[in-house]
Amino acid sequence: MARTAILREHGYSEDFPRCQDYDLHYRLSRKHRMSNLSEVLVCGREHSGRFTKNTNSLGRDRKREICRRALLEIGVVPGEADLDRHYALARPKTLGVELDTDYLEWAEQWLIKLDTSNRRSRRYLPEALRWVTIELWIELCWHARRQLGAGAFLRLMRSPLVRHVPGTLLRRLQTPVPHLKTS
């Protein structure tokens with residue numbers, strides 16, 4: 001939902017035959033305030049001929065390019081390996097065995113770097129980005145527990161990323177959920 005004049009001014013970029021909405025949102029966010037609605041207004045239909053399903057690598061490449069641009073805006077110059085790892089941050093399920101101690105070490109330092117760089121550049125609201133980095137860190141450690149066991153939880157708790165998280169939330173993360181298997 002947006003003002004029609006603003007959408008017409010910016011429009012979709014021909015450089016993005018896939019992920020054009022991500023690109024549009026990124027460009028709009030540079031000049032206009034944006035927000036997410038709390039309810040889903042549209043659902044997509046899944047089928048075998050869907051363009052999105054058939055152009056997965058193009059989508060990945062376009063999303064990586066949008067990430068590159070956003071990182072450069074806050075003063076972070078990513079290498080190709082960093083971009084691959086950054087892309088995977090929000091997709092921990094896809095990492096599989098790669099979600100190991102080395103990846104967590106990189107992710108922790110990377111998220112701290114993003115927070116620090118953003119505080120200098122003031123591109124994004126610092127508190128908003130901080131909470132995004134905290135959420136990413138918690139989810140990464142949660143998914144890493146399958147491979148690393150208690151080491152993932154210890155890593156989560158010792159990280160400077162969670163020093164701003166209320167202790168009550170961290171204590172709830174320690175409490176096992178009765179209906180879930182822990183093995």
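Just so it is clear, none of the values below were taken in a lab; they were calculated from the coordinates. Quick caveat, the model's predicted, so the values are computed rather than measured. FYI the Cβ positions are ideal-geometry reconstructions off the backbone, even for glycines, and counts take in every protein chain you see.
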Check your understanding: At what distance in angstrom do the alpha carbon centres of segment 102-133 and segment 2-23 lie from each other?
Key -> 27
Point to revise | Cα gyration tensor of segment 90-177 - equivalent ellipsoid semi-axes, whole Å, descending | key: 22, 16, 10
Exercise for review: Determine the shape class of segment 1-131: with a ≥ b ≥ c the square roots of the Cα gyration tensor eigenvalues, call it rounded for a/c under 1.5, and otherwise prolate if a/b is greater than b/c, oblate otherwise.
Suggested key: oblate
Practice item. List Asp23, Asp102 from most exposed to least, where exposure is judged by having the fewest other Cβ atoms within 10 Å. Key: Asp102, Asp23
Exercise for review: Would you mind ranking His10, His25 so that the residue whose beta carbon has the fewest other beta carbons within 10 Å leads the list?
Suggested key: His25, His10
Practice item. Show which aspartates and glutamates lie in cross-link reach of Lys31 when reach means a straight Cα distance below 13 angstrom and same-chain residues fewer than eight apart are skipped. Key: Glu9
Check your understanding: Going by how many other Cβ atoms sit within 10 Å of their own, how do Ile66, Ile6, Ile74 line up, fewest first?
Key -> Ile6, Ile66, Ile74
